[in-house]
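Below: one structure, written as structure tokens.
Values quoted throughout were computed directly from the atomic coordinates according to the rules given, and no laboratory measurement underlies them. In this text, all values refer to a predicted model and were calculated from it rather than measured experimentally. As a convention, Cβ positions derive from the backbone with ideal geometry for all residues, glycine included, and neighbour counts pool all protein chains shown.
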Amino acid sequence: MDLTSKLSNLKNQLLDLAIRGKLVEQRPEEGTSEELYAQIQKEKKKLIAEGKIKKEKTLPEITEDEIPFEIPESWKWVRLGDIVSYGGAKQSLPKELNQDSWILDLEDIESSTGMLLRRKTNINVSSNKFCFFKGNILYGKMRPYLNKVLVADSDGFCSTEIMPLDFEQFKLHTYFFKSVLMSPYFVEFATKVSHGVNIPRLGTQEAKNALVPLPPLAEQKRIVDKLESYLAEINKAEALIFRRENLNEQIREKILDLAIKGKLVEQRPEEGTAEELYTQIQEEKKKLIVEGKIKKEKSLPEITEDEIPFEIPESWKWVALGNICEKLSDGIHYAPNYTKAGIPCFSAKDIYDSMVHLDCCNYISEEDYLLMKDKINVKCNSILITKSGSIGRSAIISKYFNFGLVESIGVVNPIFVFSDYLKLLLDNLFFTGENSEYTRGLGLKHLTLNLLGSIKVPLPPLAEQKRIVAKIEELLPYCEKLK
């Protein structure tokens with residue numbers, strides 16, 4: 001087990017001790033949770049009478065068989081729906097959102113840490129959003145095993161994959177209940193009762209019925225203070241690890257930068273030139289057109305001196321991606337009829353970590369697959385690249401199998417170019433399509449096939465391409481050892 005995993009386990013152990021009443025001592029002068037619970041119910045009736053919250057159906061009494069573990073005598077097991085208005089957040093229509101509104105999506109929250117990764121404002125919002133306020137807990141109810149729980153530092157709006165929870169309305173300590181929701185106990189519970197196979201979701205009624213431990217209010221604060229003092233030390237250790245891993249990433253990026261600039265391996269005259277290779281590629285293209293395997297299309301213009309991004313060896317050549325591949329294609333441009341089983345049909349969400357993942361993919365019938373097979377033109381050593389959402393994630397189909405694609409994935413079939421080398425270029429930030437030169441759209445960026453084909457590629461001789469990839473595979477494991 002690496003150090004990062006050990007620190008993560010230590011965090012979970014601390015959260016577990018906290019919610020079991022074992023992190024701080026109990027103090028009789030702080031009262032009991034039974035008294036606090038009575039105050040909550042009194043406050044609840046008041047807020048209902050004032051029209052600030054809605055009256056809800058009474059939740060069932062808690063039985064002895066339901067109790068998951070022992071807690072101190074001064075504490076009380078309660079149902080989540082009895083101490084917070086779960087599912088009662090106000091929804092707002094897209095037209096009600098101002099352009100400077102903070103819009104939070106599930107992917108903006110880091111898994112397991114509850115850290116905010118990015119803050120976006122309202123751009124082309126097309127679906128309803130929940131309204132939340134500063135101090136609310138924002139609970140990621142979609143795929144709850146990801147453990148995405150954040151405390152809002154300002155007002156905003158979130159997607160319906162996130163549930164805003166206001167514990168302060170009943171004068172409870174927000175950060176104690178954040179600890180409860182992030183604890184191994186609650187993550188296991190939420191995962192177990194979630195609905196759905198591919199994209200599990202914690203249902204509203206299941207969440208309301210969830211059992212949570214309720215300590216006296218003063219003890220909640222003492223638990224949070226103690227927990228935060230321990231977590232601060234763990235965070236320092238994690239920061240040191242991050243800096244070391246960041247150094248590893250910098251070295252990795254330098255290796256890749258040298259590779260695409262022709263400085264990682266030497267040039268060998270006997271391997272020929274990229275100009276000769278480019279001529280062979282064009283001849284092969286003409287042959288494929290004559291055989292009817294690909295259609296003739298307009299060649300992209302040669303790259304001029306002014307367009308060259310950086311210097312490359314004399315034996316290399318700058319080319320447009322579309323000029324060294326068969327016709328670029330993508331998935332179908334209509335919504336397929338998904339089935340519960342059958343042929344996998346991938347979208348952009350299924351490509352990450354340089355692999356195509358089957359765990360959350362959709363399926364289509366064999367008949368629908370046969371209708372799209374020729375259009376998507378996938379074969380062994382094809383490169384799949386995401387065109388929407390997180391643009392530029394790629395994977396090589398090293399072993400062919402039957403599958404369909406939707407429009408968010410492009411297909412690149414190189415001619416006499418080593419797929420691993422070409423993927424190396426596409427994985428480099430300059431070539432991923434994240435660069436505004438190759439993307440379109442004000443809000444959600446999109447990489448069109450025309451733009452994909454126009455990407456400028458430094459082309460070495462074929463043998464050198466293979467030596468570059470081999471050298472990278474030799475060097476990168478040393479970067480991993482730095483971790």
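General remarks:
- Projected label distance in nm at Lys221 and Ser112, using a 7 Å step from Cα toward the beta-carbon: 3.3
- With the simple spin-label model, which puts each label point 7 Å out from Cα in the Cβ direction, the Lys54 to Thr339 separation comes to 4.0 nm.
- Pairwise FRET efficiency - Lys6 versus Val193, Cβ, R0 = 51 Å, nearest 0.05: 0.95
- Å³ per residue enclosed by the Cα convex hull of the range 129-280: 221
- An ellipsoid equivalent to the chain, defined through the eigenvalues of its Cα gyration tensor, has semi-axes of 53, 26, 20 Å when rounded to whole angstrom and sorted largest first.
- Using a simple spin-label model with pseudo-atoms 7 Å out from Cα toward Cβ, Ser229 and Lys375 lie 6.4 nm apart.
- Neighbour cut-off at most 15 other Cβ (10 Å), DSSP loop, GluC sites (Glu not before Pro), the range 257-314: Glu266, Glu291, Glu297, Glu302, Glu311, Glu314
- Annotation for the range 121-219: trypsin sites (Lys or Arg not before Pro) lying in DSSP loop with at most 16 further Cβ atoms inside 10 Å of their Cβ are Lys134, Lys171.
- Around His195: net Lys/Arg minus Asp/Glu count, Cβ-Cβ under 13 Å: +3
- Relative contact order of the range 128-186, taken over Cα pairs closer than 8 Å and 6 or more residues apart, is 39 percent.
- Looking at the chain alone, DSSP beta bridges between its own residues are antiparallel in about 90 percent of cases.
- The chain - mean residue ellipticity at 222 nm from DSSP helices (-39,500 (n - 2.57) per run, n ≥ 4, rounded to 500): -11500 deg cm²/dmol
- 14 Å beta-carbon shell around Ile260, net charge (K/R +1, D/E -1): +3
- Formal net charge of residues neighbouring Pro60 (Cβ-Cβ distance under 11 Å; K, R +1; D, E -1): 0
- Annotation for the range 89-109 versus the range 367-417: alpha-carbon center distance of 34 Å.
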